[in-house]
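> Structure provided below as structure tokens; questions to follow.
Where a number appears in this text, it was derived from the coordinates with a stated rule and is not lab data. In this text, all values refer to a predicted model and were calculated from it rather than measured experimentally. Using ideal geometry, Cβ is built from the backbone for each residue, glycine included, and neighbour counts are taken over all protein chains shown.
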Amino acid sequence: MQAAVISQHPYFPEDAYIPDFVPNDKSLTDLVLPFAGTITCVLAASVILSKRINPGYLILNYERVASSNELFAQLWKEYSLSDSRYLTANTFVISIETITVLFWGPCCIATAFCITTRRNLRYPLSIIVCMAHLYGVTLYYATSFADMQMKGVAHSRPEFLYFWVYFVGMNLPWAIVPLARNHEVILGASIRKICWALDLADRTDRTQANKKNQ
């Protein structure tokens, strides 16, 4: 059986095992336009859209993304300049993206529906979704930085675009938004609403119990 060809690649760490790697044949503009509504949209918006709306592509094709020049494969290869774990079949990345597709994606849709229809279920669902994002982002960053500190392995290229725009800028909002204030769907607002409702129910129960005892 012929061994897989290991090509040179631009990802970090430089010795990352990415067999059969094929460089993108599309420019940054070509990757942006299919997902941008106007020519003013930037690559970051396209990669976020691909990363969050279609992580299923990675899950189903992670073994051949590096060697493919399909549009989504090229978007993943572009994003992977900030985190090569997406091209090395890293077990954590594949696992957390699978959980996102199977559980948190549908849960987000259910939460959005409950918010739109103003159902009370929106509050516990919002807490679940917020905690899922906070936990996922924390693990995402923690595992990457742990590899850097404990093993000396950097998964992101050091350039500003790849580290600060892709790696930090495209993931940190998923931790900031759940903690934001004055918004209906955030973690704190949902917790306060549920606590308020439970306190009201407790006071009502105590009032009714006192009336019965009189």
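> For the range 166-179, what does the Karplus curve 6.51 cos²θ - 1.76 cosθ + 1.60, with θ = phi - 60°, yield as ³J(HN,Hα) per residue in whole Hz, taken in order and with x for Gly and Pro?
Calculated HN-Hα couplings, in order: 6, 5, 8, x, 8, 10, 4, x, 6, 9, 6, 4, x, 9 Hz.
> A follow-up question, please. How far apart, in nm, are two points set 7 Å out from the Cα along the Cα-to-Cβ line at ALA146 and at ASP25?
Result for the modelled spin labels: 4.0 nm.
> Going by C-beta contacts inside 10 Å, put PHE92, PHE72, PHE12 in order with the fewest on the left.
The order, fewest Cβ neighbours first, is PHE92, PHE72, PHE12.
> I've got another one for you. Calculated FRET efficiency, ASN69 and ASP15, Cβ-Cβ r, R0 22 Å, to nearest 0.05?
FRET efficiency, ASN69 to ASP15: 0.40.
> With labels modelled as points extended 7 Å from the Cα through the Cβ direction, what inter-label distance (nm, one decimal) is found for LEU60 paired with ASP199?
4.9
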